[in-house]
Amino acid sequence: MAAIDGGRSLGIAIAFVLVANLLFSVVDTSAKWLLGAGLVVFQLAFMRYAVHFAITLVERAWRGKPKTKLPPRLRSLVVLRSFCLVSATLVNFLALGHLSLAVTSALLYTSPLFVCIFARLILGEDIRSAHVISIFLGLGGALIILWPFGEPMNWYAVLMLYPAMGMAMYQVLSRKLAGHVTPGVLQLYTGALGTLALAPFAMVFWQVPAGAVEWTLIVAIGAFAWAGHEALTRAHGYAPASVLAPFGYSFVIYLTLAGMVVFDDAPVLSTLLGACLIVVGGLFIWASDGRAKRGLA
C-alpha cells in the first residue's frame, strides 16, 4: 500500500506541475496577444499582480489567516524575492512583444543554470563538475538562440537572460525562506509589491482594452498566474523539487505549440537546437544531483 500511495503522490505532483506550466504558458501567450492588440507592458504587468494580490487577499480572509508580520531580516529577503519575480515578469512581457514564444520559453529555462551559481553564492551549496558541464551546455544553447548562424545578435533575446536570472534568484531565495515564511505570506508580498510598484506606470501608460476579449484576457493573466503558483506549491507538497524538475520543461513545449497555433510562428532550426542544449543541460543537473543524493543515502 505504501508503494501505491507513493506512486499516487508522485502522479498528483506531476499533474500539478503540468497544470501549473500550462497556466503559465497561457499567461505568456495572452500577454503576447494583448501586446499585439495595442496594450502596453506596464498595464499587463500591473494587472498580472493586481489580480494576483486581490485573489490572495480574498483567499487569506476566507481561511482566516491575517497575520503577515515578519522579522526585519526575513522581510528584506521576502521583498527581494518578490522584486526578482516582478522585475522578471516586466522584462519578460517586454521581450514577448518582439520574440517568438519558442525563443522566450527556451531562454527562460536557462534559469536552472543560474540557480547553480546563485545557490553557491547564497546558500553555500557546492558546484560539482557535472554542474559546470551543464552550465556550459545551457549557455552554449542560449548563445545559439541569441546569435543565430550568420545573423546579427538579437538584443531582445539577450534581454531574456534577465528574467532567467531573476527566476533563479527567486527560486534560491524561496529555498532560503522555506520553513520560515509560509507560501501564503510569500504570495501576499509578491502581489502587493507588484501592484504598488507598477500602479503609477500603469496609470500613465494605460490603454483602454478594445472589447470583452481584451478585458477578459487582461484579468485572466493575473488569475492564471495565481493559480499556476498555487498548483506549483501543491506539487512540491507531494514530491521534492529534485524529482519534479524534468517536468518543468513542459513549459517550453506548451509555449512552442502555442506560438505555432496562435501566432503561426514555427521555431527555426537555431531555436530548436539551442532549446535542446538548454534542456539537456538542465536535465544533466537533475540527473547528477539525483545520483549525488543517492550516494549520500
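Brief remarks follow.
- From the list Val268, Val252, the one residue that fits, being surrounded by fewer than 18 Cβ atoms within 10 Å (Cβ to Cβ) and within 22 Å of Leu101 (Cα to Cα), is Val268.
- So Ala106, is it out of contact with any His (no Cβ under 9 Å at 6 or more places or on another chain), small (Gly, Ala, Ser) and either crowded, with 19+ Cβ neighbours inside 10 Å or not in a helix (DSSP H, G or I) (or both): yes
- Residues being within 13 Å of Val78 (Cβ to Cβ) and outside any helix (DSSP H, G or I) - total across segment 167-209: 4
- Condition check for Leu80: within 18 Å of Gln43 (Cβ to Cβ) and touching a residue at least 60 places away in the same chain (Cβ under 8 Å): no
- Residue that is among the charged types (D, E, K, R) and under 14 Å from the mean Cα position of the chain (by Cα), where the choices are Arg63, Arg48: Arg48
- When Trp215 is tested against the conditions (1) of a type in the set (A, V, I, L, M, F, W, C); (2) in contact with a Pro (Cβ under 8 Å, 6 or more places away or on another chain); (3) surrounded by 20 or more Cβ atoms within 10 Å (Cβ to Cβ); (4) at pLDDT 90 or above, the lone failure is (3).
- Here segment 183-212 is the region considered, the condition is being surrounded by 14 or more Cβ atoms within 10 Å (Cβ to Cβ) and β-branched (Val, Ile, Thr), and the residue that is farthest from Gln43 (Cα to Cα) is Val185.
- Leading residue by the ranking (nearest to Cys276 (Cα to Cα)) among those in segment 109-131 that are of a type in the set (Gly, Ala, Ser) and part of a helix (DSSP H, G or I): Ser111
- Restricting attention to segment 135-164, the residues that are buried (at least 20 other Cβ atoms within 10 Å of the Cβ) and out of contact with any Pro (no Cβ under 8 Å at 6 or more places or on another chain) total 11.
The values are calculated or read from the model by the stated rules, or taken from the named source; none is laboratory data. Computed from a prediction, not measured in an experiment: that's the story for all the values here. All Cβ positions, glycine included, derive from the backbone under ideal geometry; neighbour counts span all protein chains shown.
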